[in-house]
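Only one structure is covered here, and it is reproduced in the block below.
The values are calculated or read from the model by the stated rules, or taken from the named source; none is laboratory data. What you see is a predicted model; the values in this text were computed from it and never measured. Here the Cβ positions follow ideal geometry from the backbone for every residue, glycine too, while neighbour counts run over all protein chains shown. These accessible areas exclude ligands, DNA and RNA; they are computed on the full protein's heavy atoms, side chains included. Shrake-Rupley method; radii C 1.70, N 1.55, O 1.52, S 1.80 Å.
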Amino acid sequence: MRVAMNLLYAQAGGATAVINASAAGVIASAHERHPRIGTVLAARYGILGILAESFYDCTGIDTTALAATPGAFFGSCRFDMPTQEEQPELYDRLFAVLDAHRVGTLLYNGGNGSLEVVAKVSEAARQRGYPLICVGVPKTIDNDIEGCDCCPGYGSAAKYLATSMREACRDLASMTSRRGRVFVMETMGRNVGWLALATSLAAHGLDDAPHIVLCPETPFDEARLLARADAVISRLGYCAISVAEGIRRTDGSPLMAHTHDTVSEHMRFGGAGGEVALMVSRTLGCHHHYAAPDYLQRSAGHWVSAVDHAQALAVGQAALDYVLEGRDSIVAVIRRLGDDPYRWDIVPVEAAAVANLERRVPQAFITDDGMQVSEAGRRYLAPLVEGERPTNCARGLPVHSCNTLPTLPQKLPPWPGWGREPTHARRG
């Protein structure tokens, strides 16, 4: 009788409020069809955990509690996968670990960089004759995976940011000042403005916040910004502005550029919102307030979009279906079928075709002046934040499922790279 191969699930990149719903979708579906799959394992800290042979046995996990927990339950990492030619020893180690644990399926849950891992590991397995099916499970609050109408994690981040903008501006509007005030919220988004765009859902009318939305897709125009802020403050007494951290000047340079990460050579962003707040304050002589939600926008498990949660669960389940169908090196992505009513499904795309690409905000979603969201943009955004999920609380605070699982005994000698990051590793 043929022994079933084991399934290995891993998380990568920045966490989201619903990434564990995808994990639950994978694990619950796999357990239902256990005879065909074998044991479901999870790597501790993504691909780095695979190389370190640091695994959990997912048997007995409460997938309902898991699906309601934000953050990467099994641990995540950022890793720019080298080629076999660049680091052949890394691939030797990778496949030695997979073979030692009889892994025949790898499900990698991450963003566009993580999908490149799927494509490269799948190609390496074919070249080596190793029987492995690799499937990508998408997630990112940046919403920038090509081929995916929306990315699991984005809808919940969008819901949190739009809510925060609306609540902050209730406060802003309730105070008067002879000098006027400006409030700036800085969202994540190094190269794309999807999160800044989402704050526009806070507004119902022309005078509702945010009054200005600045995205990297449109060159930053200081004179136009100041003129618009001045007009809004003159009319309302205050102005609220959403700024993506990666907004750029007309020459393409970031408004706020930091030094490169010393390990990865990746540019660090942050502070553009504060710079815009000071710019408006100094020029117009008004008070300024600045907020950067940072991790809050991706970890707000108490205010998850029900649509986003359902989609995160569905891509995990679909990925498992693709495994059982024998499909390799593909990604389970969300396709929009209609806006009113909102309809969607899951379809496969080739991992290599979308890996490391960034889906930018279409110009049709931004007004001609580059400072607000168009009606087309609002139609796209609106259904993604729909619905709420109940929050299990104790003593007034949300209850989360914390990982107390022991790691499995190792079968191979320790990997020399564990304890120091390999060449292509990045800290998240």
Restricting attention to segment 116-162, which residues are of a type in the set (A, V, I, L, M, F, W, C), open to solvent by less than 10 Å² (accessible area, probe 1.4 Å) and more than 19 Å from the chain's Cα centre (by Cα)? Val121, Ala124, Ala125, Cys134
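For segment 44-107, please list each of the helices (runs of 4 or more DSSP H) lying entirely inside it that holds at least 2 residues being under 24 Å from the mean Cα position of the chain (by Cα).
Numbers: elements: 46-51, 63-67, 88-100.
By residue number, 46-51, 63-67.
For segment 232-258, give me each residue that is outside any loop (DSSP other than H, G, I, E, B) and charged (D, E, K, R).
Quick first cut of segment 232-258, residues outside any loop (DSSP other than H, G, I, E, B) only: 232-236, 238-244, 248, 254.
Across segment 232-258, the qualifying residues are Arg235, Arg248.
Do we find a residue being surrounded by fewer than 19 Cβ atoms within 10 Å (Cβ to Cβ), farther than 30 Å from Asn356 by Cα and modelled with pLDDT under 90 anywhere in segment 193-204? Walk me through how you get there before you give the answer.
Filtering segment 193-204 down to residues surrounded by fewer than 19 Cβ atoms within 10 Å (Cβ to Cβ) leaves 204.
From what's left, farther than 30 Å from Asn356 by Cα: 204.
Applying the additional criterion that residues be modelled with pLDDT under 90 yields none.
Taking every residue of segment 193-204 in turn, none turns out to be surrounded by fewer than 19 Cβ atoms within 10 Å (Cβ to Cβ), farther than 30 Å from Asn356 by Cα and modelled with pLDDT under 90.
Mind checking which residues of segment 300-330 are assigned to a loop (DSSP other than H, G, I, E, B) and touching a residue at least 12 places away in the same chain (Cβ under 8 Å)? Please lay out each step first, then the result.
Initial filter on segment 300-330 (assigned to a loop (DSSP other than H, G, I, E, B)): 300, 304, 325-329.
Answer for segment 300-330, where residues must be assigned to a loop (DSSP other than H, G, I, E, B) and touching a residue at least 12 places away in the same chain (Cβ under 8 Å): Ala300, Val304, Gly326, Arg327, Asp328, Ser329.
Quick check on my filter: what residues within segment 151-172 are among the small types (Gly, Ala, Ser) and under 14 Å from Ile241 (Cα atoms)?
Once the filter is applied, which keeps residues that are among the small types (Gly, Ala, Ser) and under 14 Å from Ile241 (Cα atoms), segment 151-172 yields Ala162, Ser164, Ala168.
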If you check Pro152, Pro219, Pro210, which single one turns out to be out of contact with any helix residue (DSSP H, G or I) (no Cβ under 8 Å at 6 or more places or on another chain) and in a loop (DSSP other than H, G, I, E, B)? Pro219
Here the qualifying pairs (Cβ atoms under 7 Å; residues six or more apart or on different chains; first in segment 256-281 and under 28 Å from Ile212 (Cβ atoms) and open to solvent by 70 Å² or more (accessible area, probe 1.4 Å); second at pLDDT below 70 and of a type in the set (Val, Ile, Thr)) come out as Arg268/Thr259
Here is a list: Ala158, Ala229. Which entry is in a helix (DSSP H, G or I) and under 27 Å from Gly285 (Cβ atoms)? Ala229
For residues that are free of Cβ contacts under 8 Å to residues at least 60 places away in the same chain and open to solvent by less than 40 Å² (accessible area, probe 1.4 Å), scanning just segment 370-400, find the one that is farthest from Ile19 (Cα to Cα). Ser374
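Would you confirm whether any residue within segment 196-206 is in a loop (DSSP other than H, G, I, E, B), closer than 21 Å to Leu284 by Cβ and of a type outside the set (A, V, I, L, M, F, W, C)? Working first, answer last.
Taking segment 196-206 as the starting set, the residues that turn out to be in a loop (DSSP other than H, G, I, E, B) are 203-206.
If we keep only those that are closer than 21 Å to Leu284 by Cβ as well, we get 206.
From the residues that got through so far, the ones that are of a type outside the set (A, V, I, L, M, F, W, C) too are none.
Checked segment 196-206: no residue is in a loop (DSSP other than H, G, I, E, B), closer than 21 Å to Leu284 by Cβ and of a type outside the set (A, V, I, L, M, F, W, C).
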Single unsatisfied condition, Asp171 versus (1) over 25 Å from the mean Cα position of the chain (by Cα); (2) within 29 Å of Thr250 (Cβ to Cβ): (2)
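On the given criteria, is Arg170 free of Cβ contacts under 8 Å to residues at least 24 places away in the same chain and under 30 Å from His288 (Cβ atoms)? Show your work before the answer.
Values: free of Cβ contacts under 8 Å to residues at least 24 places away in the same chain: yes; under 30 Å from His288 (Cβ atoms): yes.
So Arg170 fits the description; yes.
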Would you say Leu412 is modelled with pLDDT of 95 or more and open to solvent by 40 Å² or more (accessible area, probe 1.4 Å)? yes
Counting just the residues of segment 345-368 that are open to solvent by less than 50 Å² (accessible area, probe 1.4 Å) and in contact (Cβ under 8 Å) with a residue 40 or more places away in the chain, which one comes out farthest from Arg327 (Cα to Cα)? Ile366
Conditions: (1) in contact with a helix residue (DSSP H, G or I) (Cβ under 6 Å, 6 or more places away or on another chain); (2) surrounded by fewer than 23 Cβ atoms within 10 Å (Cβ to Cβ). Ser76 meets all but one. Number of the miss? (2)
